Amino acid sequence: MVLPVFVQAPWVRAAPMAAALFTTVILAAGILLERHRQPHWRDLGALLVGFSGSWLGGALFWGWCRLHPAWHLPIEAFALPLAVAGLGGRWRLAGSFYLASLLGTAATDAAMLLCGVMDLWPQVLSVPLPEAPSLLQAAASTILHPLPLLVVTTSAGLLLGLAAGMWNRGRTGRIAAITVATTLAVDGLFLAAALAAPQLSGLI
């Protein structure tokens, strides 16, 4: 998802229901803004509607299912049919944002699986709090080995190439391209935090 995990994860761990219910605030704001007479406010409203789907998926996973990484993508993809349907009408910006965010999530999960990090995920999130930073740092360090680095850089290169191709496909393409690029930036920030200051990563 585009929202930095180190921002949303602490809230849903502390108050998962409140974080999930906040979806209604985002969604309501988006629907109201989408009805505005000014085009830029309408666009912002549509983006908020798309973002509300990513927010709720993240809240559900990090709040209740975070120890089960195999459930991450299916939960994040709960609004996939709505997003695809939205591409054909007034909600195409919302659908484009959500689908691009989901693509970034899928790419991140695939890279983690190929790098062997996915198996360490439940361990990091279930150990006693004093042990978590060192375990997270050790898990992140596995990325620095040659083969995982190749996987990560190849995945990032493919996503950047895809984003570049999307950029020339109108307004919805630019939104998707920015979303994918932002996902890469978030992943990079998370990896840097996990290596340098794991206690600030949001996972623990």
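For this structure, a couple of remarks:
- Filter pass, PHE78 being at pLDDT 95 or above and not in a helix (DSSP H, G or I): yes
- The set of residues from the range 120-135 being closer than 15 Å to ARG66 by Cα and assigned to a helix (DSSP H, G or I) comprises LEU120, TRP121, PRO122, GLN123, VAL124, LEU125, SER126, ALA132.
- Scan the range 95-123 for residues that are buried (at least 17 other Cβ atoms within 10 Å of the Cβ), out of contact with any Pro (no Cβ under 9 Å at 6 or more places or on another chain) and farther than 19 Å from ALA177 by Cα and the total you get is 1.
- Filter result for LEU150 (in contact (Cβ under 8 Å) with a residue 24 or more places away in the chain and either loosely packed, with under 15 Cβ neighbours inside 10 Å or polar (S, T, N, Q) (or both)): no
- Test: residue in the range 159-182 that is touching a residue at least 12 places away in the same chain (Cβ under 8 Å), in contact with a Pro (Cβ under 8 Å, 6 or more places away or on another chain), farther than 21 Å from ALA14 by Cβ and not in a loop (DSSP other than H, G, I, E, B): no
- Whether a residue is in contact with a helix residue (DSSP H, G or I) (Cβ under 6 Å, 6 or more places away or on another chain), loosely packed, with under 15 Cβ neighbours inside 10 Å, assigned to a helix (DSSP H, G or I) and not small (Gly, Ala, Ser) was assessed, and TRP11 does not pass this test.
- Some residue of the range 139-150 being among the hydroxyl-bearing types (Ser, Thr, Tyr), farther than 25 Å from LEU200 by Cβ and either at pLDDT 95 or above or not in a loop (DSSP other than H, G, I, E, B) (or both): no
So that you can scan it fast, the table gives a plain yes or no per residue for (1) in contact (Cβ under 8 Å) with a residue 12 or more places away in the chain; (2) surrounded by 19 or more Cβ atoms within 10 Å (Cβ to Cβ); (3) out of contact with any Lys or Arg (no Cβ under 8 Å at 6 or more places or on another chain); (4) under 26 Å from ALA177 (Cβ atoms):
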| site | (1), (2), (3), (4) |
| --- | --- |
| PHE22 | yes, no, yes, no |
| ALA29 | yes, no, yes, yes |
| ARG37 | no, no, yes, no |
| HIS40 | no, no, yes, yes |
| ALA46 | yes, yes, no, yes |
| SER52 | yes, yes, yes, yes |
| GLY57 | yes, yes, yes, yes |
| TRP64 | yes, no, yes, no |
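The values are calculated or read from the model by the stated rules, or taken from the named source; none is laboratory data. What you see is a predicted model; the values in this text were computed from it and never measured. Cβ coordinates were reconstructed from backbone atoms using ideal geometry, including for glycine residues, and neighbour counts include every protein chain displayed.
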